[in-house]
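The values are calculated or read from the model by the stated rules, or taken from the named source; none is laboratory data. Nothing here was measured: the structure is a model prediction, and the numbers come from that model. Every residue, glycine as well, gets a Cβ built from its backbone with ideal geometry; the counts of neighbours run over all protein chains shown.
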Amino acid sequence: MDQEDDTDASDYGGNCGFQLFNLDSPSLPILISVPHAGREYPAELLENLRIAPAELQRLEDRYADRLVTPAIAAGMPAIVARRARAWIDLNRGEDELDPEMVKGGINNRKIVGTAKMRGGLGLMPRRLIHSGDIWLHPFEAQDVEQRLSGFHRPYHQQVEQALLQMRDRFGIAVLVDIHSMPPLLPVGGFQPHIVIGDRFGQSAASLYSEMLLQRLKQIGVTAALNHPYPGDYILRRHGNVRKNIHAIQIEVDRVLYLDSELREPASGLDATSTIITELLMLLAELAGGASMPMAAE
């Protein structure tokens, strides 16, 4: 397993484990977020593993960052995590920390025992199905705080700041949170390859999700709305429809762009990234942004 991604850490925003793109003077009210595709694994993380390092790849939205490369190259604003999800999960709240993962307990920290936390996928992932517990030893409280203050909080602060600046400049801002998913089982012959999430209309005006679904249908991609992925903490935290800040999640089936083992990019990557680019362009148009010179061919 690679301990560090192929992007120079000096390029990270504040060297916090994430990278910023095109945020200095954005020309569109769209912000891409890619929180789970990080492939940087610090040595201290690997030293505490109970399982084989390669097993941690199952936590990744494997190469989901490559799905937005064309959009970023064309100038679309983005924030992309490079630090692995195993370090701390950017799509979980600080109150989703499993108390048993902290040596000596969590003192007065408020904890909400969500289903995902109980299943081992809380703020700091604890276990994996078929692999069991991930870590040899619980973490020191100061280690948890360091991961929060050095990565989790700065990521969300940057997202919040960028969205507010866009909203103030354009009158509207749309966050698009990019994820990937394992293949879904067909239900009644229907097997979505892309799932659009807006937390059942709570994180974004329904117009945006409806238009994305319509466009996917037009180009022959099976898609679903909110089932089984409505979006989680990132949409809950940053979507605020009343203040004209909308947040949408896009989950992409890994079969569309990875190899048969769902580990490495395959021939479908270009076509799939073109689809994602087209969806981002559509959102930009709906939000009243200027057209971008990256029309899908």
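Residues that are farther than 29 Å from Arg167 by Cβ, of a type in the set (A, V, I, L, M, F, W, C) and not in a loop (DSSP other than H, G, I, E, B) within segment 29-61 comprise Ala43, Leu45, Leu46, Leu49, Ala54, Leu56, Leu59, listed in sequence order.
Does Ala52 meet the test of being within 30 Å of Leu256 (Cα to Cα), without any contact (Cβ under 8 Å) to a residue 24 or more places away in the chain and either in contact with a Lys or Arg (Cβ under 8 Å, 6 or more places away or on another chain) or surrounded by fewer than 21 Cβ atoms within 10 Å (Cβ to Cβ) (or both)? So Ala52 fits the description; yes.
Selection of segment 125-143 for residues being under 16 Å from Ala43 (Cα atoms) and not in a strand (DSSP E or B) yields Ile134, Leu136, His137, Asp143. Checking segment 62-77 against the condition returns no match, with no residue being in a strand (DSSP E or B), among the β-branched types (Val, Ile, Thr), out of contact with any His (no Cβ under 9 Å at 6 or more places or on another chain) and under 26 Å from Glu261 (Cα atoms). Scanning segment 130-152 finds one or more residues that are under 14 Å from Arg237 (Cα atoms) and either of a type in the set (Gly, Ala, Ser) or surrounded by 19 or more Cβ atoms within 10 Å (Cβ to Cβ) (or both).
Just one of the numbered conditions (1) outside any strand (DSSP E or B); (2) of a type outside the set (Lys, Arg); (3) at pLDDT 95 or above is not true of Val80: (1).
Taking segment 217-241 as the range and being in contact with a helix residue (DSSP H, G or I) (Cβ under 9 Å, 6 or more places away or on another chain) and either among the hydroxyl-bearing types (Ser, Thr, Tyr) or not in a loop (DSSP other than H, G, I, E, B) (or both) as the test, the residues that pass are Thr222, Ala223, Ala224, Leu225, Tyr233, Ile234, Arg237, His238, Asn240. Could you check how many residues of segment 119-167 are among the basic types (Lys, Arg), more than 18 Å from the chain's Cα centre (by Cα) and closer than 23 Å to Pro53 by Cα? Qualifying residue count, segment 119-167: 2.
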